[in-house]
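Okay, so here's the structure we're looking at.
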Amino acid sequence: MKAVILAGGLGTRLREETEFRPKPMVEIGGRPILWHIMKTLSTQGINDFVICLGYKGDFIKDFFINYEARTYDITMKLGENQGLVQHTKSKSENWTVTLAETGLTTMTGGRIHGIAKYVKGERFLCTYGDGVADIDLKALTKFHQSHGKTATVTAVRPTNRFGVMQIDENNTVVEFAEKPRAEKWVNGGYFIFEPSIFDYLDAECVLEKAPLESLSKKGELKSYKHEGFWQPMDTYRESQELNELWNNNEAPWKIW
């Protein structure tokens, strides 16, 4: 199964970083969050990726075109007999990466619509390029196969930004809870789509609006409830929190 990663958005809420590079290239522990997402997937057997590019997509192309040279020891000979010798090869990133230009301002559904030729006739996973999770792909795939519908969306309960207080009928604060999980479920990405998903997409659509709403009305959309770790990187504060987890060796998504 291939993974389609949406990596073309403007990332306006993380302007401190995305003024200079696309959000999927903002780093956690010295590696782009996009790399972390791909490592989590590849550790569970997905090694074929289609990345939907848009805003500053050349940064992502450059990262992968030069990946081996950036990551491993090399010797360069300059001058008349110039050349390059790479002393080590990647043993863990045995990846096939398709970098697809899907437009600067294209919406999420339009981006998936634009890469149909790369996943033609296949079931595929799709996720966003700006968040990490300790998703269990085996369990997600098993759930999807069990219901036989067009699509599965992973449902998550995000952590509240602020701690909450429990107050009794006398207005006495009886308990504090430090950033509890929200009660409502939200779209956490990590979709699995059957090929028929393209019947619901066009070049202009927003995946999270008409396509998912149509699937829902027809009973073709199921939700897989993920109770584990999930964290998007929408703000500078969140990028700092993810880096802190990584630096403290407490990153739940690091399953490799």
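Every read-out reported here was derived from the displayed coordinates using simple, explicitly stated rules and does not represent laboratory data. Given the structure is predicted, the values throughout are model-derived calculations rather than measurements. All Cβ positions, even for glycine, are placed from backbone atoms using ideal geometry, and neighbour counts span all protein chains on display.
Brief remarks on what is shown
- √(5λ) per eigenvalue of the Cα gyration tensor, the stretch 122-256, largest first, Å: 32, 20, 15
- Lys, Arg +1 and Asp, Glu -1 on Cβ, resulting dipole of the chain about Cα centre, debye, nearest 20: 700
- Ordered by the count of other Cβ atoms within 10 Å of each Cβ, fewest first, Asp199, Asp73 give Asp73, Asp199.
- Taken over the stretch 23-103, the alpha-carbon convex hull comes to 119 cubic angstrom per residue.
- Cα-based Kirkwood hydrodynamic radius, the chain, one decimal, Å: 19.9
- From least to most packed, judged by other beta carbons within 10 angstrom and beginning with the fewest, Glu241, Glu27 follow the order Glu241, Glu27.
- Value of relative contact order over the chain, rounded to a whole percent, pairs C-alpha under 8 Å and six or more apart: 25
- Ranked from largest, the principal axis spans of the Cα set of the stretch 186-237 equal 38, 25, 18 Å.
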